[in-house]
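Asker: Let me give you the structure first, and then I'll get to my questions.
The values are calculated or read from the model by the stated rules, or taken from the named source; none is laboratory data. Source: prediction; values computed, not measured. Reconstructed Cβ throughout: ideal geometry from the backbone, glycine too, with neighbour counts over all protein chains shown. Just the protein is used for accessible areas: all its heavy atoms, side chains included, with ligands, DNA and RNA removed. Shrake-Rupley method; radii C 1.70, N 1.55, O 1.52, S 1.80 Å.
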Amino acid sequence: LVRACQRIQHDANDEIVRQNTRGEYLFIVQEGKLESHCEKNQNCKGVLDKGEIFGELSLLYGQEYAMTVIATEKAVLWRLEQN
C-alpha cells in the first residue's frame, strides 16, 4: 500500500480538491494544515491536520469530492490513486 502512494507538496492557499469534482484519490496529511469548505446548507467546515485522511469515498466508490480542501500553510500529503 505504501509503495502505491505518491508524496506531494502544496503551498499555502493551494486548492487540493474541489467539491463536486470527480474524485480519484485518497489523501493522507503528513504535515501542515488544510481547511475544508462545503457548499451552502452543509456543515463541514473544518481543519485537517497531521494524520487525517480525506477522499476515502472517492477512492472506494468513485464519488465526487464532498468538500473543497485548501492548504492553509505548506503541506505534505500522500495520495493513493483509485486505479
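Asker: Out of region 17-26, which residues are touching a helix residue (DSSP H, G or I) at 6+ places or on another chain (Cβ under 7 Å) and open to solvent by less than 30 Å² (accessible area, probe 1.4 Å)?
Answerer: 23, 26, listed by residue number.
Asker: Follow-up question, since we're still on this one. What is the one condition in (1) out of contact with any helix residue (DSSP H, G or I) (no Cβ under 6 Å at 6 or more places or on another chain); (2) under 22 Å from residue 9 (Cα atoms) that residue 62 does not satisfy?
Answerer: With respect to (1) out of contact with any helix residue (DSSP H, G or I) (no Cβ under 6 Å at 6 or more places or on another chain); (2) under 22 Å from residue 9 (Cα atoms), residue 62 is out only on (2).
Asker: Let me ask something else about it. From the list 82, 9, 42, pick out the single residue that is more than 11 Å from the chain's Cα centre (by Cα), surrounded by 13 or more Cβ atoms within 10 Å (Cβ to Cβ), modelled with pLDDT under 90 and on the phi < 0 side of the Ramachandran plot.
Answerer: 82
Asker: Something else: Being assigned to a loop (DSSP other than H, G, I, E, B) and modelled with pLDDT under 85 is the filter; apply it to region 45-74 and report the residue that is least open to solvent (accessible area, probe 1.4 Å). Steps first, answer last, please.
Answerer: Taking region 45-74 first, the residues assigned to a loop (DSSP other than H, G, I, E, B) are 45, 49-52, 55, 62-63, 65-67, 72-74.
Of the ones still in play, those that are also modelled with pLDDT under 85 are 45, 62.
Working: 45: 146, 62: 31 Å².
Only one residue tops the list, namely 62.
Asker: Is it fair to say residue 29 is in contact with an Asp or Glu (Cβ under 7 Å, 6 or more places away or on another chain), in a strand (DSSP E or B) and open to solvent by 50 Å² or more (accessible area, probe 1.4 Å)? Let's see the steps before the verdict.
Answerer: Numbers: in contact with an Asp or Glu (Cβ under 7 Å, 6 or more places away or on another chain): yes; in a strand (DSSP E or B): yes; open to solvent by 50 Å² or more (accessible area, probe 1.4 Å): no.
Against the criterion (in contact with an Asp or Glu (Cβ under 7 Å, 6 or more places away or on another chain), in a strand (DSSP E or B) and open to solvent by 50 Å² or more (accessible area, probe 1.4 Å)), residue 29 does not qualify.
Asker: Determine the pairs where a residue that is small (Gly, Ala, Ser), located within region 9-20, has a partner that is at pLDDT 95 or above and open to solvent by 40 Å² or more (accessible area, probe 1.4 Å) with Cβ atoms under 7 Å apart, the partner being 6 or more residues away or on another chain.
Answerer: Qualifying pairs under 7 Å: 12/72; 12/73; 12/74.
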